[in-house]
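The values are calculated or read from the model by the stated rules, or taken from the named source; none is laboratory data. Computed from a predicted model, the values in this text were never measured in an experiment. All Cβ positions, glycine included, derive from the backbone under ideal geometry; neighbour counts span all protein chains shown. These area figures cover heavy atoms from the full protein model, side chains too; ligands, DNA and RNA do not enter into them. Shrake-Rupley method; radii C 1.70, N 1.55, O 1.52, S 1.80 Å.
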Amino acid sequence: MTIEFAKSARSSIGIEWELALVNQKTGDLANAAGDVLDDLRQSDGRDHPQIVSELLQNTVELVSGVHTRVSDAVEELSTLLNEVRAVAAARNVVPIAAGTHPFGQWFDQPVTDKERYHKLIERTQWWGRNMLIWGVHVHVGLDDVDKALPIVSGMLQYFPHLLALSASSPFWGGVDTGYASNRSLMFQQLPTAGIPYEQIRTWGDYERYVNDELATGIIEDQTEVRWDVRPSATWGTVEVRFCDSTSTAAELAGIAALVHCLVDDLAQRLDEGKHLEDLQPWFVRENKWRAARYGLDATIIVDRAGRQRPVADDIATLISRLEPVATRLECAAELHSLRDIIAHGGSSIRQRNAAAGAHGDLTAVVAQLARELDAS
């Protein structure tokens, strides 16, 4: 089959930000997404296509439009967040942003009443019902379909950098998992999720892969290919999907800026006829696990020879190398803000500190997440 890759302006950017809804007093998850969306429609008599429901009724997703600058996309998402916050408050509900809820139980969460979600749960059963997780997706536009799969592959060497910076899911079902990002390892249990296949290197390879998936009933359409990094033919983008939901708008901007710069840099290298470096698949998989387990304390594999380096040090080097790209894309301030995450620790560390300060009371973690997002 032929898959049409949409025309997209090079290095345009769009962001999707998943938020959990919680009871303002107890911190429990609130299955209020349907009510919040209805309240939004009634508040001004119009639809809000950029604020949408997701798999579970405790979730809303904010979707930016297409922008050229990270700051504009994040500003738009902040405006959408304020709209959600205003109507949710009337129901004693507040949004939080993290990869997981500290003590929510998956079996208590109803699924949104949409056919595609019911089909997903029917097929995936226990693992599908366990998807009590939230993430960030960053789309970057490509001007040539032939760049899509090389850039997907090239982005995998930066997997641990982005995951360590965004890690915000240390707790699961009321316990500390010992992981900085438990979410990233849970999500890969779904069919077609996880690290892309190294054998798929051209658009023709991708078309044959999708055809195989369709012919055997593994998927019903190409959007069900849920790789950690994937080409999004509908939008003409590369989509980075593996980051935990960032707990603040500032962290969201920093993560989006790094993705923006990396994809643009890889595209520029292709334009110059340069070979894109990559890592052996077993190193990619190991780096994903290390970043999920240790976050910014991880030591990662940085080249094909197996040389290793602390991920925090490699992020600092990466920021310096990408400064000219960030200047051109007008996201230098956002990129440099990642140094604050390295210096002070990301969301997973802050959540653990909040739990320790409250003698293990995880409602204090939810309260902190609510405050952080409210201050964004």
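Assorted remarks:
- Heavy-atom accessible surface of the chain, averaged per residue, reaches 41 Å², computed with a 1.4 Å probe.
- Overall Cα dimensions of segment 286-350 - principal axes, largest extent first, Å: 34, 33, 15
- Computed label-point distance, nm, for sites residue 75 and residue 299 using a 7 Å Cα→Cβ extension: 4.4
- Using a probe of 1.4 Å on the protein chains alone, the accessible area found for residue 216 is around 100 Å².
- Within the straight-line cut-off of under 30 Å between alpha carbons, the lysines reachable from residue 25 are 114, sequence neighbours fewer than 8 places apart in one chain being disregarded.
- Of all accessible heavy-atom area on segment 135-249, the percent that carbon and sulfur account for (1.4 Å): 48
- Stokes-Einstein D (µm²/s) once Rh is taken as the Kirkwood radius of segment 151-211 over alpha-carbon pairs, at 25 °C in 0.890 mPa s: 180
- Surface share of carbon and sulfur [accessible, 1.4 angstrom probe, percent] for segment 14-91: 45
- Considering only the chain, percent of DSSP beta bridges that pair antiparallel, nearest 5: 90
- The gain in end-to-end length when the residue 289 to residue 192 segment is fully stretched comes to 33.1 nm, 0.36 nm per residue minus the alpha carbon separation.
- Taking each DSSP H run with n ≥ 4 as -39500 (n - 2.57) and averaging over every residue of the chain yields -14000 deg cm²/dmol at 222 nm.
- Of 125, 153, 166, farthest towards positive along the dipole that unit charges on Lys, Arg, Asp, Glu beta carbons give segment 102-199: 125
- Diffusion of the chain by Stokes-Einstein, at 20 °C in a medium of 1.002 mPa s and with Rh set to the Kirkwood radius over alpha-carbon pairs, works out to 103 µm²/s.
- Within segment 52-90: backbone nitrogen closer than 17 Å to the residue 9 label point (7 Å, Cα to C-beta): 64-77
- 13 Å beta-carbon shell around residue 287, net charge (K/R +1, D/E -1): +2
- Pair residue 43, residue 25: separation of 7 Å Cα→Cβ label points (nm): 2.2
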